Amino acid sequence: MASLARKGQRVAEAGWFVVNVRDTAWQRHEVFGAGCGFESREAPFRQLGINISVVQPGEPLCLYHRESNQEDFLVLFGECRLLVEGEERPLHAWDFFHCPPGMDHVFVGAGDGPCAILAVGARSEDEEIVYPVSELAARYGASVEVETPSPKEAYARYERPVDGRPDDWDSLPWA
């Protein structure tokens, strides 16, 4: 079954589809930027996760963490800092980061405008995630206070994201 996702909607059924990034549903978070996913609870991707996130300078993409599955990231637009295994690396448009399983990491917006990052990750039934305490990540507001394997615990102090596009929407390449 094929479908064409419409502006601001999430796919509601399994099968192939086509959607432009500007037309998919976006969510904003008060701390962790904005993002769009290409799947929904009704039609999840079982083997691969894929999304695009946009962060502003100084804004972390998520909390510092490691996963038991491989992830890969491509900076599409702007600049960010990659915090990985206790090190900090500057990244720019078209820089690619391959993240093998078990590597602590997070991205933080940098430069003077928004940064867009494409994230792709393998999925498995036995996936594990850990949020370690990190002094480096804490400098950017991206560390937990107590290590936990629970996303629910790690993000308990934050509000849920709300529907909405990222700040500076009109400056993004797909707008």
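Quick look at the values:
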{"quantity": "Pairs with Cβ under 8 Å, 6+ apart, first in the range 57-68 and in a strand (DSSP E or B), second among the charged types (D, E, K, R)", "calculated": "His65/Asp104; Arg66/Asp104; Glu67/Glu127; Glu67/Glu128"}
{"quantity": "Close pairs from the range 123-135: first closer than 20 Å to Leu83 by Cβ, partner of a type in the set (Val, Ile, Thr) and surrounded by 13 or more Cβ atoms within 10 Å (Cβ to Cβ), Cβ under 7 Å, at least 6 apart", "calculated": "Tyr131/Val144; Tyr131/Thr148; Val133/Val144"}
{"quantity": "Criterion: under 15 Å from Asp163 (Cβ atoms), surrounded by 15 or more Cβ atoms within 10 Å (Cβ to Cβ), at pLDDT below 95 and of a type in the set (Gly, Ala, Ser) - qualifying residue of Ala25, Ala43, Ala34", "calculated": "Ala25"}
{"quantity": "Filtered residue count, the range 26-56, keeping only those that are closer than 25 Å to Ala93 by Cβ and either charged (D, E, K, R) or not in a strand (DSSP E or B) (or both)", "calculated": "5"}
{"quantity": "Some residue of the range 29-43 being within 28 Å of Glu145 (Cβ to Cβ) and among the basic types (Lys, Arg)", "calculated": "no"}
{"quantity": "Selection within the range 95-114 - out of contact with any strand residue (DSSP E or B) (no Cβ under 7 Å at 6 or more places or on another chain) and not small (Gly, Ala, Ser)", "calculated": "Pro100, Asp112"}
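Listed here are the residues, each with its yes/no results for (1) under 25 Å from Glu153 (Cβ atoms); (2) surrounded by 18 or more Cβ atoms within 10 Å (Cβ to Cβ); (3) at pLDDT 95 or above.
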| site | (1), (2), (3) |
| --- | --- |
| Ser53 | yes, yes, yes |
| Val75 | no, yes, yes |
| Gly78 | no, yes, yes |
| Phe96 | no, no, yes |
| Cys99 | yes, yes, yes |
| Met103 | yes, no, yes |
| Ala110 | no, yes, yes |
| Val130 | yes, no, yes |
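One line per residue, one yes/no per condition, for (1) within 16 Å of the chain's Cα centre (by Cα); (2) surrounded by 12 or more Cβ atoms within 10 Å (Cβ to Cβ); (3) assigned to a helix (DSSP H, G or I); (4) on the phi > 0 side of the Ramachandran plot:
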position: Ala116; (1), (2), (3), (4): yes, yes, no, no
position: Val133; (1), (2), (3), (4): no, yes, no, no
position: Ala142; (1), (2), (3), (4): yes, yes, no, no
position: Val146; (1), (2), (3), (4): no, no, no, no
position: Arg160; (1), (2), (3), (4): yes, no, no, no
position: Ala175; (1), (2), (3), (4): no, no, no, no
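The values are calculated or read from the model by the stated rules, or taken from the named source; none is laboratory data. What you see is a predicted model, and the numbers here were worked out from it, not measured in a lab. Backbone-built Cβ (ideal geometry, glycine too); neighbour counts: all protein chains shown.
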